[in-house]
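Asks: Dropping the structure in here first, questions after.
What follows draws every value from the coordinates through simple rules; no lab data is involved. All of these numbers come straight from a predicted model, not from anything done at the bench. Glycine gets a Cβ as well: all are built from the backbone with ideal geometry, and neighbour counts include every protein chain shown.
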Amino acid sequence: MISVLVANQNISEGETWRDKLRRNGLTVLQECTRLSDMVHILAQYKVHVVLCSANLIDDSAINVLRAAAAFFPRVKLIVAGEIPKAMILSKITRISLVKNIDSAVKACSDASPPPSAPQSNPVETGERSLALLLGDHFISNEESAVLLSKSFQWSPGYVVYCVAADSCYGEVLRSLKNAANDLKFAHVLPYDTDTFYMILDGSPPREHTLSLANDIRLRLFRETNAMFSIGISRLRYKAGELHICRKEAARACRATHMFGHNSVIHADYLGTNDIEYAYPKHKEQRLIEATIDGDAETALEMLDEIFEIFKTRKDLKQGLINKMILGVIVNLNIAATSRAQNFEKMNLDSLELSKLMGAKSVDEVYAYLKTGIKDFAAEMDAITNVSRDALFYRLKGVKDADRPVSISSLTQSLDTTAAYINAAIRHNDGGDIFSFFNCEL
């Protein structure tokens, strides 16, 4: 999908342009009324086309557009309207000039979409989709269903088997593929060097899944010299929960100290509570990373997805939920301590632990953590601004030297990126990296 950024200092006209682009099926980014904002968005977001209004074009704008075209070579730049410096702009590679919005919309629609993945055969596509779904991921249940249908025509209600072998991996894979063919398994997937997954769909009864697993066990004894164990997940119905089954089956497979090697081990043997496997630990990690980066929007998105698990588990005691969220707070503090020397000076009154441990409902815990994340992200952003301010004073020294600046060389000498340098300039000067310096690339 092509994403378009409209840069237009006339707010009303800019909204009209964005509406036309949306009606033509294009993804349109947020409002942008200055070229310095355009540079910031190009540095921070995925942009395929910039549609720039002629009302932003002056001598300094030409220099910014020239630098942007060179620094972001995959971005198509389109300037629309009566262009006072048309002759100069036409000489800049990757800038197209059009007279009106209708021509601009056509030019945006005709822009080359991002390169797609190379063509491959259906089996390879299915295995990639299945590997993604078995792992930790961030896609919706609807997107998961589409990916799963690319792997096989699945019937809702599936069980995942995990086979862990200590040797003879080629023999094990051949034996499992033969078993899948004979026993009508949906798929066999080599997951890493010593682990294989098999999927049985169509809502199989528990007794049937155990019987087939024992058939596989005997087959591996006959056809290979490997030592192994077989773990079986619980039955689930949503495509987006395949990774939960994978974690259940893998955990059962590793429980050999309790249940022995060369065994068939069902997840139920370990207990009936599955919050350990359903809890999206990878999303907690993303929440922490985003909070430490000051990205409250992404952190709160992850928070919502984590709490969906709590809201569907009515059997969880409130005290257990409170302790689990305490773990999030602890991990957040560990991450912040490693990033900020003055972390202990942060004002985080909203994260008083007495408020958490006294919470009486899931909603109360959610509100507590949401407020805490916002405050935490704001404090981390303030700390980041201190480092940006320090960087800005170094940048002023470079600028005051009154020599042409190579952006690529500057990022290397300062051990940072052009986007971070641009953020420092934006925060302290309101401009952008290209207009701040007499740029060379």
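Asks: Just one of (i) 44, 28, 20; (ii) 51, 30, 21; (iii) 37, 26, 21 is semi-axes √(5λ) of the Cα gyration tensor in Å as worked out from the coordinates here. Which one is it?
Replies: (ii)
Asks: Quote to one decimal, in nm, the extra length available between residue 222 and residue 339 on full extension: 0.36 nm per residue of separation minus the C-alpha distance between them.
Replies: Between residue 222 and residue 339, full extension yields an extra 36.6 nm.
Asks: Using the count of nearby Cβ atoms within 10 Å as a rough guide to exposure, how do 437, 259 rank from fewest to most?
Replies: Going from least to most buried by this count: 259, 437.
Asks: Another one. For residue 360, list the aspartates and glutamates whose Cα falls under 19 Å from its own Cα; do not include residues on the same chain fewer than 8 positions away.
Replies: 304, 308, 315, 352
Asks: I've got another one for you. How would 393, 161, 269 line up from fewest to most surrounding beta-carbon atoms within 10 angstrom?
Replies: 393, 269, 161
Asks: Suppose the chain between residue 401 and residue 355 were pulled fully straight at 0.36 nm per residue; how much longer would it get relative to their current alpha carbon spacing?
Replies: 11.2 nm
Asks: Follow-up. With θ set to phi - 60°, apply the Karplus curve 6.51 cos²θ - 1.76 cosθ + 1.60 along the range 237-248 and write out the HN-Hα couplings as whole Hz, x wherever there is a Gly or Pro.
Replies: Those phi angles translate into 10, 8, 4, x, 9, 4, 5, 5, 4, 4, 5, 4 Hz.
Asks: Sticking with this structure for a sec: Which of the aspartates and glutamates could a cross-linker bridge to residue 106, judged by Cα under 20 Å and excluding same-chain residues fewer than eight apart?
Replies: Hits, sequence-local ones excluded: 13, 15, 19, 82.
Asks: If you don't mind, another one. Which ordering of 137, 427 is given by a fewest-first count of other beta-carbon atoms within 10 Å?
Replies: The fewest-first ordering by Cβ neighbours comes to 427, 137.
Asks: Compute the signed sum of charges (Lys and Arg +1, Asp and Glu -1) over the other residues within less than 14 Å, Cβ to Cβ, of residue 393.
Replies: Spelling it out: positives minus negatives among the neighbours equals +1.
Asks: Give me the net charge for the shell around residue 350: Cβ to Cβ below 11 angstrom, other residues only, Lys and Arg +1, Asp and Glu -1.
Replies: Every neighbour counted, the sum reads -1.
Asks: Can you pull the one-decimal nm distance between simple spin-label points at residue 178 and residue 192, each 7 Å off the Cα toward Cβ?
Replies: Simple spin-label model gives 2.8 nm for this pair.
Asks: If the reach is capped at under 16 angstrom between alpha carbons, list the aspartates and glutamates near residue 314, excluding any in the same chain fewer than eight residues apart.
Replies: 274, 276, 363, 364
Asks: Also, I was wondering about something else. P(r) for the range 124-277: what percent of alpha-carbon pairs falls in each 5 Å bin, starting at zero?
Replies: 2, 10, 21, 25, 21, 14, 6, 1, 0
Asks: For a 27 Å ceiling on Cα separation, which of these pairs sit above it: 247/283; 238/311; 311/374; 76/281; 311/355; 46/283?
Replies: Violating the 27 Å limit, Cα to Cα: 76/281.
Asks: Over the chain, with a Gaussian network built from C-alpha contacts below 10 Å, which listed residue (25, 231, 431) shows the highest mean-square fluctuation?
Replies: 25
Asks: So how far apart, in nm, are the two label points at residue 385 and residue 301 if each is 7 Å from Cα heading toward Cβ?
Replies: Inter-label distance under the simple model: 2.4 nm.
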